[in-house]
Structure formats: C-alpha cells, structure tokens
1. If I fit a long axis through the Cα atoms of helix 97-109 and take the longest principal axis of the Cα atoms of the chain, what angle between them do I get, 0 to 90°, rounded to 10?
2. By how many degrees, 0 to 90 and rounded to 10, does the Cα axis of helix 290-302 deviate from the longest principal axis of the chain?
3. Per-residue counts of other Cβ atoms within 10 Å, averaged by peptide: what ranking do you get for 425-436, 4-15, highest first?
4. What nm distance separates the two modelled labels at residue 251 and residue 198, each placed 7 Å from Cα along Cα→Cβ?
5. Can you tell me which of 235-243, 19-27 comes out highest on packing, and rank the rest after it, using the mean Cβ neighbours within 10 Å?
6. According to a simple spin-label model (label point 7 Å from Cα along Cα-to-Cβ), what is the distance in nm between residue 384 and residue 146?
7. Which part of the stretch 140-177 falls in the paramagnetic zone of residue 128, meaning amide N under 16 Å from the point 7 Å along Cα-to-beta-carbon?
8. Calculate for the chain the 222 nm mean residue ellipticity that helices alone would give, adding -39,500 (n - 2.57) per DSSP H run of length 4 or more and normalising by residue count, nearest 500 deg cm²/dmol.
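Read-outs throughout are calculated quantities, based only on the coordinates presented, and are distinct from any laboratory measurement. What you are looking at is a predicted structure, and each value in this text was computed from that prediction instead of being measured. Glycine also receives a Cβ, built like all others from the backbone with ideal geometry; neighbour counts cover every protein chain displayed.
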Ligand code: UDX
C-alpha cells in the first residue's frame, strides 16, 4: 500500500520504517529540512535500538523515502498518518497546532479518497477537529474528494519501539460508522493483516473510544507506578520491603507483575504529559479526576525522594561534598531526558551546595544540552561529565543510581568501594539486594527497603 507519514519524530519514524518493513511504500514528510537531509544521508536523529537497520534496509530497497515536498507526499499515500508532536500547553492541555496544520495540508492538496490516521496522542474529539479542517480546505477549493479520519494510537515504548511495533500485543483502531468509515476500516484491516494472521490483535471501536484508550492506558500505568511509590515510602517508615510486597501482590493474576516497580519516579514524553492532558480534558467537562491529580503529585514528590534520602544522611548543607550519579536518561535504552528524574536530583544536589560527576551510557550529549538549560552557568561548573561509570566515582561521597541501565546491574563492587570516599550507594531503582550489599560492606539505601538497609 502507499502510505504517507507526516512527522518524522520518534513515533512517525518508527511507524514509517516498520510499515515499509511490512512491504508498503512509505513517504515520511517533515517540514524540518535539516532532519530530512540527515535521514536521507543515512543517519538517525534519535537513539532507538534496531531502528537504524530497519530504516537503512527499507531505504535501500526503495520502499522508504524522506521528503519535505508536501504536495508530492500528500499525493503519494492512500493512507495519511498524522504523527506530529502534541506538546503540552501551559495549562497542561495538548497543543494541537501541528496536528491541525497537517490536516489542513492534506485537505489543501488531496485528490481522491484518503484515509487520515491520527497516530499522535490527541485528546478525545480531535478526529472531529481534523475532519473539520480537512473539509474546510476541500470546500475552499471546491473539491469533492471523500475521506475518513481514523484513530490508531501508538503503544510504543521508547527503547523497545521497533519490537513493540513489529510484535504488538494489541492494535486499537477507531473508525466512523459511515460508508467512508467502512472503506477506511477495510484499508486499515489490510494494512495490519500481517499482525493478525495467527491471532486477531485488532480491537475495532468508534473513534472517540480509540482516542480515549490511549490516555486510559497511560494513566493506568502511571497510576500503578505512583501507587507503588507511595507504598514504598510507607514501607520505609513501617519497616517493610517493597520488593517483597511487589512479588506478593504481583502474583495475583488480577494485579499482575508489570509496572509495579517503585523507584525515583516516572518521566519521559508520555506519562507526565498524558496524565495532565486527561485531567485537563476532564476539567473541560467540569469533572475533576482526583486519582490522576494524586498520581501526578506523588510522582512530583517521588522525584525528590533520592535527594531527600541524601539530605537525611549528609545534611542539607552539602558544600564541599561530591556525588557520583549513574543514569541520566528517563529510562534505559534511550537518550531521552524529558522529565527525567535525574534532572531533579542533580538540581537538588547542586542547590544544597554539592558538586556531581554524572554518567549515562548514551545520554551524555543530551544531558549536556538539557542540563545547560536547567542550570545556571555557576551550577553547571559543578557538573563533571564522566567518561565511564568508574570515572564518575572518583572522590565521591556516595554513588546515586537513577536509571536502571543493564551496564549498572552487575558492577565490580570492590572497585566501586575503592573509588568512592565512603562505601555508600543510593539506589533509585532497587537494582541490588540489600542483604548482599551489606555483606559486601556497603551502606545501601534503596526505595522502600529500609527494613533491610537501616544504617
Ligand atoms: C509509555 C508507554 O509504556 C507506551 O505504551 C506509550 O506509547 C508511551 O508511554 P515510555 O514513556 O517510552 O512508554 O516508557 P515506559 O517504559 O512506559 O516507562 C515510563 C516511565 O515509568 C519511566 O520513567 C520508567 O522508569 C517508569 N517506570 C516504569 C517505573 O518507575 N516503574 C515501573 O514499574 C515501570
């Protein structure tokens, strides 16, 4: 099938490359000439495992093209995916200007039937606004072409996006109950048929329910995390181990094991933004989502927990003290630092007068960029960008782990002990067993595990 993807960000690029991998002819359109040039030169603007190979393979096979030519790109696809950004407005609502601009471009240039697929995460009701924009452009030029707007939200995890796309656990598609909607449904069924051969993975529904499903999924996952984080903080007080509790409750199939890890808080481009946007939508209908408000507040507090544990141990005046920080990206296998807990921790330590040496396996460049935005020049001078995990430890009072990269999971503890001034570890992701850490001679501070780590 011929497909156009509007927006070559993380979602658009993964979607375009993977749809080409399935044998479709894909054109990825972006207004950013620099990005398109970069993609055409064989480079990938983001760190996403496996993506570079899929892009290269399909570009070489002539199935994947990158373009800034709006007219030719809109003409190409019978399916037009809108995969542009929906950044938060100041009030937490999603900014739809890029989505609606894409819709207007389609309306301005389309000829013949088109299916317009909303891939971007957009508030309930956006498909209707997209439809109105397209129709207005068609009317303005007296064009009578038919079209249908479909909602097909993505459930891609950064760091596993190619795998998530190629092996989906579900495909959610919302179509209108109209003749155009039926036509769109048939094309979408054909597009996703490779994933449904042995097992039907598509959930068909109306457009608004599909739009809602995306927010509901992310809000539910964020809720689980904040709930566990709140319990972990109580576990610290009452002397229980949150990891034991996690196993204990996760084995109930009604609860399940995933997304129950207490830690330094959730970050990234989706959870914080989507939770806020859903709350905002509710407010538009005079409803308050009390649970989600709490989820957000708990997460905000949780990003401060590591810093507070450090302050409890070393005091609030950290002048002259130096700390090593491992893990800067908001989670492993990505260089994304949007809403990353490490940013909050570093700011806290610097505000209390400390200096830090930071290390991340892939996010060092991004860290330099975002920390320069977060911090004053004076504070930035107290950040050293280490060249390896061990390099970061030199002269540090303690090691603080914020992201659970695989490379941090089985380090050489003897070398760590030798490099640090004191054998103290603050572990924001509960990577190690407190009893083994104690045996190895460490003072170990996890999240929600104080029964085993009391100093
Ligand atoms: C998320 C959704 O999982 C994905 O389906 C959606 O399309 C986009 O948003 P992503 O933001 O890439 O994906 O990361 P995810 O793996 O879900 O983790 C989000 C955050 O939650 C990370 O900061 C992670 O560290 C944190 N987390 C996750 C926890 O603190 N505890 C957990 O148990 C799981």
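1. 20
2. That works out to roughly 50 degrees.
3. 4-15, 425-436
4. Going from the residue 251 label point to the residue 198 one covers 3.0 nm.
5. Details: 235-243: 17.6, 19-27: 20.3.
So the order, starting with the most tightly packed, is 19-27, 235-243.
6. 6.9
7. Of the residues in the stretch 140-177, 149-151, 175-177 have backbone N under 16 Å from the label point off residue 128.
8. Numbers: 20 runs with 211 residues, N = 455.
Calculated at 222 nm, the ellipticity per residue is -14000 deg cm²/dmol.
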